[in-house]
Amino acid sequence: MEVNISYLPDDQIVVVKTHGDADAKSSGEMVKSIMLSMKEHRSLRCLLDHTEIHFVTGKTLEVFYRPDEIKKSGMPMNVKLAAVIPEIYREHFKFLETVCQNRGISYRIFESNQSALNWLKM
């Protein structure tokens, strides 16, 4: 999976745009890159735009343990992560949303960048 990271300074939001195939390895690497960018910009909000991913792999158990990877990355627990997900992968990411929220990580999925940004700005 290709990952491009940018920053919206007026809103203090890190924006992550992904392309290609998402798997456990690339997702783990993405988490580390996001954490470093958020630290660099002193941001606690991140928009994950997954609208251009073409394929998602991940066993239920891998998704279940993803919040642990997020915590181990050093990401502060008071971050807000908003993910824009294509309809075809919504169920997969809905499970991730649930396990993140159950472990105290503020991660929500959205249908559009605008709704995700609105939530991040609240």
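Observations on the model:
- Restricting attention to the range 60-88, the residues that are hydrophobic (A, V, I, L, M, F, W, C), part of a loop (DSSP other than H, G, I, E, B) and closer than 16 Å to SER37 by Cα add up to 3.
- Of everything in the range 32-45 that is touching a residue at least 40 places away in the same chain (Cβ under 8 Å) and buried (at least 17 other Cβ atoms within 10 Å of the Cβ), the residue that is nearest to the chain's Cα centre (by Cα) is ILE34.
- Among the residues listed as SER106, SER115, SER73, the single one being closer than 18 Å to VAL14 by Cβ, touching a helix residue (DSSP H, G or I) at 6+ places or on another chain (Cβ under 7 Å), surrounded by fewer than 20 Cβ atoms within 10 Å (Cβ to Cβ) and polar (S, T, N, Q): SER73
- Taking the conditions (1) in contact (Cβ under 8 Å) with a residue 24 or more places away in the chain; (2) more than 22 Å from THR98 (Cβ to Cβ); (3) assigned to a helix (DSSP H, G or I) in turn, TYR7 satisfies each one other than (3).
- Among the residues of the range 76-88, none qualifies, meaning not one is touching a Pro at 6+ places or on another chain (Cβ under 6 Å) and either farther than 24 Å from GLU2 by Cβ or surrounded by 13 or more Cβ atoms within 10 Å (Cβ to Cβ) (or both).
- Tally, over the range 103-116, of residues that are at pLDDT 95 or above and closer than 21 Å to VAL31 by Cβ: 7
- From GLU29, GLU62, residue being over 13 Å from the mean Cα position of the chain (by Cα) and surrounded by fewer than 18 Cβ atoms within 10 Å (Cβ to Cβ): GLU62
- Test: residue in the range 71-81 that is closer than 20 Å to HIS19 by Cα and at pLDDT 95 or above: yes
- Hey, VAL16 buried (at least 16 other Cβ atoms within 10 Å of the Cβ) and assigned to a strand (DSSP E or B) or not: yes
The values are calculated or read from the model by the stated rules, or taken from the named source; none is laboratory data. Being a predicted model, the structure only gives us computed values, none of them experimental. Every residue, glycine among them, receives a Cβ derived from its backbone with ideal geometry; neighbour counts consider all protein chains shown.
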